[in-house]
Amino acid sequence: MSLTVKRPRGTADMLPSDAYKWHYLEDQIRATAREFGFLETRFPTFEHTELFLRAVGDTTDVVQKEMYTFTDKGDRSITLRPEGTASVVRSYLENSMYAGGLPVKVYYLAPNFRYEKPQAGRLREHHQFGVEYFGSYGASADAEVIMLLHRLLGRLGIRDIELRINSIGCPACRPGYQSALRQYFESKEDRLCGTCHDRLKLNPMRILDCKNASCGEIAGGAPRTIDHLCPECEEHMRKLTGYLDAVGISFSIDSGIVRGLDYYTRTVFEFVTTTIGAQGTVCGGGRYDSLIEELGGQPTGGLGFGCGLERLLMVMETQGIEIERPPQCDVFVAGLGDDVDIPVQKLVHELRLLGLAAERDTLGRSLKVQMKYADKIGARYCVVIGDAEIQIGSAVVKNMTARTESEPIPLDAPSIAAEIK
RNA sequence: GUGGGUAUAGCUCAGUAGGUUAGAGCACCAGAUUGUGGAUCUGGGGGUCGUCGGUUCGAGCCCGAUUAUCCACCCCA
């Protein structure tokens with residue numbers, strides 16, 4: 001197939017026949033966000049590269065090897081957004097959203113771009129539902145954000161998805177933990193893989209994530225962040241788990257959750273499933289209390305998450321969760337003969353003005369084929385108009401699902417609309 | 001970036017030991033006494049067998065390369 005009709009690697013077309021699934025998902029998301037008091041925000045698809053270097057961290061995989069970066073005609077370095085939080089924080093600062101008072105609670109639905117090797121549940125362009133909660137240091141904000149996700153997953157009917165949380169500490173307790181960690185790994189350095197040797201110097205916490213068998217075994221016995229928290233971080237975690245217990249959200253503490261974006265502090269969490277292959281993280285997020293300050297704002301607490309919509313739909317699909325396909329056509333007006341062409345057009349127009357999805361044939365097809373077509377597009381009702389109907393000024397409305405016909409009713413849009421309702 | 005699988009009609013796939021004009025189901029189109037849908041039946045259109053090269057008298061089938069795709073590692077949603 002020639003390149004002109006081939007989509008780029010790692011991208012996906014949303015087909016018209018699947019659009020209703022996305023609409024459903026987005027409707028559920030918007031309804032949930034509304035219940036939890038989040039307003040939608042939108043922002044550009046690309047940003048200055050500098051933003052992601054600063055916000056995401058220039059040693060992360062996302063920045064080092066996965067960004068779509070190019071120089072524009074004005075000689076600026078531009079990057080297609082690899083994740084949402086950096087853009088939202090930038091927009092928050094640039095537009096002084098804090099000026100309206102804190103907290104600021106926003107959500108977004110947006111595509112992200114990462115130069116990855118595609119596999120199940122992983123694309124180069126994927127879509128995320130994300131939430132950012134600015135201005136609160138309280139653990140109740142953490143609880144709220146997790147509750148929102150829990151609620152969304154619940155109303156989508158998703159089962160067998162596990163909430164895992166961890167605390168990776170704050171600038172106060174992290175140095176102590178990192179030195180304990182480094183000390184532990186250095187004692188077993190000869191058994192670590194090559195990548196982890198580098199990680200030991202750069203960021204030993206990454207070793208906890210390593211899937212190498214030997215490293216994993218070593219990491220299993222490593223000191224855990226939650227055992228080295230400062231009293232404040234400990235209290236934060238205790239409060240969060242208290243909230244979750246109180247509202248009946250089950251979770252597990254997973255000291256292996258470190259997350260690959262540098263800005264996280266204290267709470268990190270993931271919703272993970274094993275039903276869609278190896279890429280089972282459907283949602284991931286956490287707290288980032290230093291990020292806003294690092295990008296030039298006042299010290300402001302914050303947290304958020306990203307939730308992969310493609311993965312969400314995959315989970316629903318594999319769990320057999322049906323999304324109802326809304327009717328595409330309320331009434332099909334079938335015409336019989338050239339003489340009724342104008343009346344058919346007029347009737348369809350008037351039915352639409354009354355808010356109905358009305359359809360007619362424009363290919364000059366026979367009545368039988370028009371009926372088949374009406375059936376194929378799922379028309380709920382059908383009206384056949386021929387010379388006879390025009391002459392006597394009435395027609396019958398056929399209920400396509402019940403296979404019944406009405407008594408003859410006046411051949412005008414209001415009467416037909418009334419019959420349908 | 002590393003590894004493995006796959007590539008035949010719009011879709012899902014057959015294709016037997018290399019051997020005539022490459023098949024099926026679904027979908028699409030047209031019919032089955034011309035004013036009526038989902039079933040059935042009949043017929044039809046549609047494929048340079050991913051691409052390039054090689055082996056062979058002969059390649060959809062064997063070999064090499066390349067591209068695409070799927071899956072896994074890494075990392076992430």
Looking at the stretch A:299-421 only, what percent of DSSP beta bridges run antiparallel? Nearest 5 please. 45 percent
What are the ³J(HN,Hα) couplings of the stretch A:64-79, residue after residue, when phi is run through the Karplus curve with 6.51, -1.76, 1.60 and θ = phi - 60°? Round to Hz, x for glycine and proline. 6, 10, 10, 8, 8, 10, 8, 9, 7, 5, x, 6, 9, 8, 10, 10
Counting only C-alpha contacts under 8 Å and six or more residues apart, can you give the relative contact order of chain A as a whole percent? 14 percent
Long pairs among A:Lys65/A:Lys117; A:Lys372/A:Lys398; A:Lys6/A:Lys117; A:Lys372/A:Lys421; A:Lys368/A:Lys398; A:Lys346/A:Lys376, criterion Cα-Cα beyond 19 Å: A:Lys372/A:Lys421; A:Lys346/A:Lys376
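Counting each pair of different Cα atoms once, what's the Kirkwood radius of the stretch A:40-112 in Å, rounded to one decimal?
Value: 13.1 Å, from the Cα pair sum.
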For the stretch A:277-355, the percent of accessible surface on carbon and sulfur atoms (probe 1.4 angstrom, ligands and nucleic acids excluded) is 49 percent
Under 1.5 on a/c is rounded, so check that first for the stretch A:215-280, then, if it is not, pick prolate when a/b is larger than b/c and oblate when it is not; a ≥ b ≥ c are the square roots of the alpha carbon gyration tensor eigenvalues. oblate
With all pairs of different alpha carbon atoms counted, what Kirkwood hydrodynamic radius in Å does chain A show? 25.2 Å
Kirkwood hydrodynamic radius, the stretch A:72-199, all distinct C-alpha pairs: what's the number in Å? 19.1 Å
Degrees between helix A:139-156 axis and first principal axis of chain A (Cα, 0 to 90, nearest 10): 40 degrees
Skipping prolines and chain starts, which residues have an amide H placed within reach, meaning under 5 Å, of the one on A:Met400, given they are 5 or more residues away or on another chain? A:Tyr381, A:Cys382
Each residue of the stretch A:321-328 in order: what ³J(HN,Hα) in whole Hz does its phi give by Karplus 6.51 cos²θ - 1.76 cosθ + 1.60, θ = phi - 60°, with x for Gly and Pro? 7, 7, 9, 5, 8, x, x, 8
Among all the lysines, which ones have a C-alpha under 17 Å from A:Lys201's C-alpha, if same-chain residues fewer than 8 places away are not counted? A:Lys188
1.4 Å probe accessible area per residue over chain A, in Å²: 50 Å²
Restricting to DSSP H runs of at least four residues, report the calculated mean residue ellipticity at 222 nm for chain A, -39500 (n - 2.57) per run over all residues, nearest 500 deg cm²/dmol. -11000 deg cm²/dmol
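The values are calculated or read from the model by the stated rules, or taken from the named source; none is laboratory data. None of these values were measured; they are calculated from a predicted model. Quick note on the areas: whole protein, heavy atoms, side chains included, nothing else; ligands and nucleic acids left out. Shrake-Rupley method; radii C 1.70, N 1.55, O 1.52, S 1.80 Å.
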